[in-house]
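The values are calculated or read from the model by the stated rules, or taken from the named source; none is laboratory data. Being a predicted model, the structure only gives us computed values, none of them experimental. A quick note on method: Cβ atoms are made from the backbone with ideal geometry, for glycine too, and the neighbour counts reach across all protein chains shown.
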Amino acid sequence: MNVAADIDFQSLKTTGIKVNYLYICERKLWLFDRGIQMESKSDKVLMGKLTGEHSYPREDKREVLIDNLINIDIVGEDEIREVKLSNRMLHADRIQLLYYLYYLKRLGIEKRGVINYPKMKKREEVLLTADTEKEVESALIRVHDILSMEKPPELQKKPYCTKCAYYEFCWG
Ligand code: SF4
């Protein structure tokens, strides 16, 4: 096992959702971290949760929470899986799953990652490599830097702002 030792993982480790939000919107990440958790009322989050809860009823280990930080949808023998509604946020879903793989590797567990899109009947394989490990480490450092900011990152219009739970907060 070749875990990079050049980051202080213990102080940088964070929740999977924050790593996901980093790739969606840095401002959203900051707002979420400060306890403005409007996303919990979002129908889409609820739908995603329901999709995760009911799409693979025969799997052995589902909703595995580790260190109160990462919550893996499904843990199989060789792979971990995340279940998502659509692949519109594939880049964010991908880094979140890479982070889970990285986190597990730090615990001495090596697996493959799969993102399942049951409604689309699609799956994306996600593998931890030297390059993707570096990507995860850069993401963790960036999350830390953003959450250390006193003010939220400046507004930047995203194509999906109107669908974001923070739309009224940002643009209202
Ligand atoms: S509304 Fe747009 S700018 Fe505001 S948090 Fe959401 S994605 Fe980011």
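Quick one: which residue in Leu69, Leu65, Leu107 is of a type outside the set (D, E, K, R) and under 18 Å from Leu22 (Cβ atoms)?
Answer to the selection: Leu69.
In the stretch 122-172, which residues are assigned to a helix (DSSP H, G or I) and loosely packed, with under 10 Cβ neighbours inside 10 Å?
Listed by number, the residues that qualify are Ala130, Asp131, Thr162, Glu168.
Condition check ((1) within 13 Å of the ligand (Cβ to nearest atom); (2) closer than 26 Å to Asp33 by Cβ; (3) touching a strand residue (DSSP E or B) at 6+ places or on another chain (Cβ under 7 Å)) across all residues:
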| site | (1), (2), (3) |
| --- | --- |
| Gly76 | no, no, no |
| His91 | no, yes, no |
| Val114 | no, no, yes |
| Lys134 | no, yes, no |
| Arg142 | no, yes, no |
| Ser148 | no, yes, no |
| Cys164 | yes, yes, no |
| Phe169 | yes, yes, no |
| Gly172 | yes, yes, no |
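Determine which single condition Gln156 fails, assuming it passes every other condition in (1) out of contact with any Lys or Arg (no Cβ under 8 Å at 6 or more places or on another chain); (2) within 16 Å of the ligand (Cβ to nearest atom); (3) of a type in the set (S, T, N, Q).
Unmet for Gln156, out of (1) out of contact with any Lys or Arg (no Cβ under 8 Å at 6 or more places or on another chain); (2) within 16 Å of the ligand (Cβ to nearest atom); (3) of a type in the set (S, T, N, Q): (1).
Tell me which of these Lys119 doesn't satisfy, since it passes every other one: (1) at pLDDT 95 or above; (2) away from the ligand (no atom under 16 Å from the Cβ); (3) loosely packed, with under 15 Cβ neighbours inside 10 Å.
Here Lys119 clears every test but (1).
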